[in-house]
Amino acid sequence: LAKGAGKGTWQRYRNDLHSAMVERLALRTALHEAVDAEQFVLQYQPIVDVRTQIVVGVESLVRWQHPDRGLLSPYHFIELAEENGAIVGIGEWVLRESLRQFAQWRAAGSTLRYISVNVSARQFRQPGFVDKVRAALSESGSRPEWLLLEITESLVLRDAEQVWADLETLRAVGVRIAIDDFGTGYSSLSYLRQMPVDVLKIDKSFIDDILASKQQRALVNAIVTLARNLDLTVVAEGIEHADQRAMLARMGCPYGQGYLFSRPVWPDDVPALTAAIVAGVAG
Ligand code: C2E
Ligand code: MG
Ligand code: MG
Ligand code: MG
């Protein structure tokens with residue numbers, strides 16, 4: 001028996017820490033085999049016209065169907081996969097599967113304009129990434145215009161030369177590029193003018209306080225205005241409330257995404273959802 005409460009607490013803490021580490025290690029090891037074992041699945045979240053709420057595109061979001069632990073969100077494994085390099089294989093699968101699925105929806109008559117696919121920095125920097133994108137497009141019979149690649153602010157800022165060259169190549173092919181979680185990094189606004197990108201996705205943290213905070217509101221308004229003047233498109237992330245949508249519409253923010261419209265859904269639910277959100281427009 002432990003002598004005092006202090007020691008008991010410490011041992012519990014140590015046991016928790018130990019099992020957390022064991023768990024991380026187990027996940028990390030399993031990640032490499034998970035692609036071949038076909039344990040990854042995709043959900044899709046609609047991106048809508050903020051004014052009309054018409055669905056214009058979908059973002060694919062990966063989940064890990066773990067044999068013992070159930071459905072795991074990216075929060076549990078993306079960072080680990082980035083550390084051990086498994087993200088490269090996962091990302092390639094996500095890209096191919098997203099395009100295969102999207103081309104199938106289009107062939108069935110879907111009016112969706114594009115699919116947005118997250119690309120990790122490590123995956124993007126992998127030699128041959130641009131060729132893999134081309135291959136995934138032609139394999140699936142997709143038009144380059146259907147694809148929007150979401151990258152991070154820091155990728156565009158670091159190792160600028162090779163990354164910028166690859167971004168230019170992709171854009172020349174017709175693929176569009178978005179900066180995900182925009183506003184959380186360090187890109188200066190003057191730099192933005194030169195960046196080889198097409199879309200800014202304003203991070204949820206800015207949208208959260210858009211009604212309560214005058215400062216946040218001013219920031220979002222500035223980003224929307226600047227983007228318009230630079231011929232960039234904007235998507236507001238994490239819209240949860242109707243009054244946030246109304247505020248963004250008033251600011252002239254063209255597109256949005258968030259639980260207000262829909263949570264990420266399984267592929268089978270996408271076609272019906274595309275119609276339903278539009279039908280549910282309140283005005
Ligand atoms: P993200 O790309 O910024 O994706 C948006 C995340 O916010 C998603 O979480 C989405 O479910 C969630 N979200 C959307 N609307 C709302 C809302 O109104 N409220 C709240 N609270 N959350 C909302 P998810 O699916 O857990 O993904 C988390 C992150 O994992 C993504 O953030 C992305 O950075 C990463 N991720 C997801 N799929 C992939 C992938 O295929 N490849 C890579 N490299 N990263 C991925
Ligand atoms: Mg994203
Ligand atoms: Mg995002
Ligand atoms: Mg985000």
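The values are calculated or read from the model by the stated rules, or taken from the named source; none is laboratory data. Everything quoted here is computed from the prediction, not taken from an experiment. Don't worry about glycine lacking a Cβ; one is built from the backbone with ideal geometry, like all the others, and counts go over all protein chains shown. Protein only, heavy atoms only, side chains kept; ligands, DNA and RNA dropped before computing areas. Shrake-Rupley method; radii C 1.70, N 1.55, O 1.52, S 1.80 Å.
Go over the candidates ILE115, ILE151 one by one and state the one that is in contact with a Leu (Cβ under 7 Å, 6 or more places away or on another chain), assigned to a strand (DSSP E or B) and either open to solvent by less than 70 Å² (accessible area, probe 1.4 Å) or within 13 Å of ligand 1 (Cβ to nearest atom) (or both). Quick ask: steps written out before the conclusion?
Working: ILE151 fails: in contact with a Leu (Cβ under 7 Å, 6 or more places away or on another chain).
Criteria check complete, one pass: ILE115.
Tell me which residues, restricted to region 154-165, are open to solvent by less than 70 Å² (accessible area, probe 1.4 Å) and in contact with a Lys or Arg (Cβ under 9 Å, 6 or more places away or on another chain).
Restricting attention to region 154-165, the residues satisfying the condition of being open to solvent by less than 70 Å² (accessible area, probe 1.4 Å) are 154-157, 160, 163-165.
Within region 154-165, LEU155, VAL163 qualify.
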- Task: Please find, within region 177-191, the residue that is farthest from ligand 1 (Cβ to nearest atom) out of those that are closer than 19 Å to VAL119 by Cα, of a type in the set (A, V, I, L, M, F, W, C) and free of Cβ contacts under 8 Å to residues at least 40 places away in the same chain.
- Result: ILE177
- Message: Scan region 94-111 and tell me whether some residue there is farther than 23 Å from TRP266 by Cα and either surrounded by fewer than 19 Cβ atoms within 10 Å (Cβ to Cβ) or more than 16 Å from ligand 3 (Cβ to nearest atom) (or both).
- Response: no
- Query: Only one residue in LEU189, LEU219 is surrounded by fewer than 17 Cβ atoms within 10 Å (Cβ to Cβ), over 21 Å from GLU59 (Cβ atoms) and in contact with a Leu (Cβ under 8 Å, 6 or more places away or on another chain). Which one?
  - Reply: LEU189
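Could you tell me whether any residue of region 227-234 is within 15 Å of ligand 3 (Cβ to nearest atom) and surrounded by 14 or more Cβ atoms within 10 Å (Cβ to Cβ)? It would help to see each step written out before you state the result.
Our first condition is that a residue be within 15 Å of ligand 3 (Cβ to nearest atom); within region 227-234, this holds for 233-234.
Checking which are surrounded by 14 or more Cβ atoms within 10 Å (Cβ to Cβ) leaves us with 233-234.
Yes, some residue in region 227-234 is within 15 Å of ligand 3 (Cβ to nearest atom) and surrounded by 14 or more Cβ atoms within 10 Å (Cβ to Cβ).
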- Message: GLY57 - would you say it is open to solvent by less than 10 Å² (accessible area, probe 1.4 Å), within 16 Å of ligand 2 (Cβ to nearest atom), in contact with a Ser or Thr (Cβ under 8 Å, 6 or more places away or on another chain) and over 19 Å from THR152 (Cα atoms)?
- Response: yes
- Those residues that are at pLDDT below 95 and in contact with a helix residue (DSSP H, G or I) (Cβ under 9 Å, 6 or more places away or on another chain), I need them from region 250-273; list them, please. PRO271
- Message: I'd like the residue in region 154-171 that is closer than 15 Å to PHE129 by Cβ and of a type in the set (A, V, I, L, M) and, out of all such residues, is farthest from ligand 1 (Cβ to nearest atom).
- Response: ALA165
- Within region 196-216, the residues that are open to solvent by less than 30 Å² (accessible area, probe 1.4 Å) and part of a helix (DSSP H, G or I) are PHE206, ILE207
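Could you check, for region 167-187, whether at least one of its residues is among the acidic types (Asp, Glu) and more than 21 Å from the chain's Cα centre (by Cα)? Can you show your working first?
Taking region 167-187 as the starting set, the residues that turn out to be among the acidic types (Asp, Glu) are 168, 180-181.
Then keep just the ones that are more than 21 Å from the chain's Cα centre (by Cα); that gives none.
There is no residue in region 167-187 that is among the acidic types (Asp, Glu) and more than 21 Å from the chain's Cα centre (by Cα).
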